[in-house]
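Everything below concerns the one structure shown next.
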Amino acid sequence: MDTLWDGIVFYDQIAQNNLHRDIRHVLLLHENDMAALFLGSLIDRIRERGWTIIDPVRAYEDPISKMVPKTLLLQQGHVMALAVDAGYAGPTGTQWEDTRELKKFVESRRVFQKRESP
């Protein structure tokens, strides 16, 4: 959940600082056990932090969805591509998008270690 929240905040800041406005984000979650396990908690955190979850149709009504980036940097999504077009030259992702960092984090949390029975 922490890694997902960090990504939400990171890309929102990119939009705020480079597109100079609030945008309606679309959050991509891959279909896997980890996403399914923490989805409810992530929704709670999003709402606790003052965000509103909206219908995807409404999200795509935001004018940003019709903006076509000039850059070929599309691996990090539409917001990042538009930010690069606007002159952004900073990091293009969170630390969690680095496989080594994510592996260290998962290992430190002992996510995949078998737990002893009580």
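For Ser108, the criteria (1) under 17 Å from the mean Cα position of the chain (by Cα); (2) loosely packed, with under 13 Cβ neighbours inside 10 Å; (3) of a type in the set (Gly, Ala, Ser) hold in every case but one, which is (1).
Quick check: is even one residue across the range 18-26 among the polar types (S, T, N, Q) and without any contact (Cβ under 8 Å) to a residue 60 or more places away in the chain? Looking through the range 18-26, none of the residues is among the polar types (S, T, N, Q) and without any contact (Cβ under 8 Å) to a residue 60 or more places away in the chain.
Each reported figure results from applying straightforward, stated rules to the coordinates on display, with no laboratory input. This one's a predicted model, so the numbers in the text were calculated from it and none came from an experiment. Neighbour counts are summed over all protein chains in view; Cβ atoms, including those assigned to glycine, are modelled from backbone coordinates with ideal geometry.
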